[in-house]
1. How would you order 34-44, 48-58 from highest to lowest mean count of nearby Cβ atoms within 10 Å?
2. Need the full-extension length gain, residue 21 to residue 68, defined as separation in residues times 0.36 nm minus the C-alpha distance. One decimal, nm.
3. Starting from 0.36 nm per residue, how many nanometres of slack lie between residue 33 and residue 49 once their C-alpha separation is accounted for?
4. Could you tally the net charge around residue 40, taking each other residue with its Cβ under 14 Å from the Cβ of residue 40, Lys/Arg +1 and Asp/Glu -1?
Amino acid sequence: MNKLIAAAALTILAGTSSAFALQPIEGSLNSSARLEKAPVGSVMSHEFISNGQDYKETYKVQADRSLKLIDREQVKNSSAS
């Protein structure tokens, strides 16, 4: 019975993994970006401002040289008030 429940849970999680993927926001690199010389599996960062907030995104180079968004963090503004 426990194996059946575990198998069902894995099936559900596998089907919803794309639902948890980060979605691009204004300023993100678009899905057509390709890095021709970067090694597959390498990571790169991209810093930008969107709606007055600073962001830093991390991308991983896929086998087809496209970029996959793997992390986004909101960077606190460094200006002192």
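Each value in this text was obtained by applying a stated rule to the coordinates, not by laboratory testing. This is a predicted model, so every value here is computed, not measured. Don't worry about glycine lacking a Cβ; one is built from the backbone with ideal geometry, like all the others, and counts go over all protein chains shown.
1. Packing proxy ranking, top to bottom: 48-58, 34-44.
2. Result: 15.9 nm gained on full extension.
3. 3.9 nm
4. +3
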